[in-house]
1. ³J(HN,Hα) across the range 118-132 via Karplus (A = 6.51, B = -1.76, C = 1.60, θ = phi - 60°), whole Hz, x for Gly/Pro?
2. Can you list the GluC sites (Glu not before Pro) in the range 352-446 that are in a DSSP coil and have 16 or fewer other beta carbons within 10 angstrom?
3. How would you rank Ile100, Ile249, Ile64, Ile16, going from fewest to most other Cβ atoms within 10 Å of each one's own Cβ?
4. Pull up all non-local amide H partners of Arg247: gap of 5 or more, or a different chain, and H-to-H distance under 5 Å with H placed in the peptide plane.
5. Using the Karplus curve 6.51 cos²θ - 1.76 cosθ + 1.60 with θ = phi - 60°, work out ³J(HN,Hα) for each residue of the range 152-165 in order, rounded to whole Hz, and write x for Gly and Pro.
6. Compute the Cα gyration tensor for the range 124-218, then decide on rounded, prolate or oblate, letting a ≥ b ≥ c be the square roots of its eigenvalues: rounded whenever a/c is under 1.5, prolate when a/b is larger than b/c in the other cases, and oblate in all that remain.
7. Taking amide H positions as placed 1.01 Å from N in the peptide plane, with prolines and chain starts having none, which residues 5 or more places from Glu133, or on another chain, fall under 5 Å of its amide H?
8. Kindly put Leu213, Leu31, Leu468, Leu119 in sequence by how many other C-beta atoms sit within 10 Å of each C-beta, fewest to most.
Amino acid sequence: MSTLHYVFFFLLAICILIVIHELGHFWAARLCGVKVLRFSLGFGKPLLCGRFGKDKTEWVLAGIPLGGYVKMLDAREGEVDPAEASREFTVQPIYKRFIIVAAGPVANLILAAVLYWGLALGGARDLPAVLGEVPAASAAAHAGLRAGDRIVGFDGLRIQGWTELRWQLVQQALGDGEVSVTVERGGVQISDLKLSIHNVMVDEKGPDPARQLGIQMPDMVFPPILGELSPGMPAERAGFKSGDLIRTIDGRPVASWKAFVGEISQAPGRELTVQLERAGQLLTLRVTPELTQAGMPSSGNQFQKWVRKVTGVSPQASPAALPKLGRVGALPHFDDKALEARLVPIHYGLVDGAAHAVRQTVEMAAFDLHAFWNIIRGSLSWRNVSGPISIADVAGQSAEMGVAAYLTMLAALSVSLGVLNLLPVPILDGGHLLYYVFECVRGKAVSERVELFGQRIGLTILVLLMSLAFFNDLNRVLFG
């Protein structure tokens, strides 16, 4: 996917979220009897504009589509016609002003819930939450989890697949305690296994929280059939072709791709005699693996994209499966049908789908708040703050993976936007709501001087936050 596509899907997501946010303010103002003068998508010079409705509200599309605003009739910004004094914003009761300001973030949260509901009703398929090897010293092993267990319950919630399990694990990783796990083992359900969660690192450059606890997918077993060959690498130079079935290496039978990788990785710089089957005929070729510090790809980019599309997590090969010694530049043959057959259907009805959507929205909002607080107190790395470049990258990747993945990304982003705007920071919606709380306590509005001072503080915080986000983005681009 080209850079232009990434930019397009990023701007599409941002525009949708801004429009929904500002429509929340707009409709709340209309319902509360406040006159709306302008609805603007974007900042800067207007590109398109027109007046509609009985109030002749000006609808504007501006040149910088990274925000928007709703301008209401406000005595602080100019004279107000006495005939319309009752429709001016500042004369409204506190509860109406509170509703109008809160409506924007709430609209984003409602959008997320609607998207999650639609995705739940549409159904999905996922890999069953069956455990692979459980390291002996891991938290999972101490909880009594074993390889082959299928996790069906986590912290009181039903688990239907790896996507749900991984999301719950990421949430719990921000806490410190233990959760109750229910598994199916040999047709018998075992409940109340206590999984202790302590010292789990949540960092974009760190290991997966699930793997830190000893919870991982079982290894995918691939036949020793060659897939894509890297140009100029030993396999291509030796005459191997995509579709070749490896039979033996130096006379030793090769039964799986893992065995093939093991043979190759143990022989850097040494010529190997490989017997293979091609179009029903046996052939013998000689190849010399090259020495590398990077290791052979575990299962190929195509497989990793497939697993990431289904579960949201990229597989990580174990050191035993992939010794980092020698390689020939070949990926395994990827059998879509065989892998699709592993998926299980995920179904929700109207009611339980709605409950799932609301729970997902609430959990995502709580997760964002928890993460933000952990960043402030230093228990979560500042590297996790993302800016527009990272968001554009995620938007482009999710669009490439399909409509469902893009809508899931949009819902998560909508929650984050809603939560961010509800933070009690002056200049944000949450800052204005905080002023109204003070007004209720004091019995009078905060002074313009205090409000102006608060805006300066809020603007400084936002500038620092955006600077950090841009720094992290550039760091990811330049150094990975």
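Values in this text are rule-based calculations from the coordinates and carry no lab data. Here the structure is a predicted model, which means the values were calculated and not measured. Cβ: placed from backbone, ideal geometry, glycine included. Neighbour counts: every protein chain shown.
1. Values per residue, Gly and Pro as x: x, 5, 5, 5, x, x, 7, 10, 8, 6, x, 7, 8, 7, x Hz.
2. Listed in order of number, the matching sites amount to none.
3. On the way: Ile100 25, Ile249 21, Ile64 10, Ile16 14.
So the ranking, lowest neighbour count to highest, is Ile64, Ile16, Ile249, Ile100.
4. Under 5 Å from the amide H of Arg247 lie the amide H atoms of Gln275, Leu276, Glu277, each far enough along the sequence or on another chain.
5. Working through the residues one at a time gives 10, x, 8, 6, x, 9, 6, 10, 9, x, 5, 4, 5, 4 Hz.
6. Values: a/c = 1.45, a/b = 1.29, b/c = 1.12.
It comes out rounded by the Cα gyration axes.
7. HN-HN under 5 Å from Glu133: Asp219.
8. Leu31, Leu468, Leu119, Leu213
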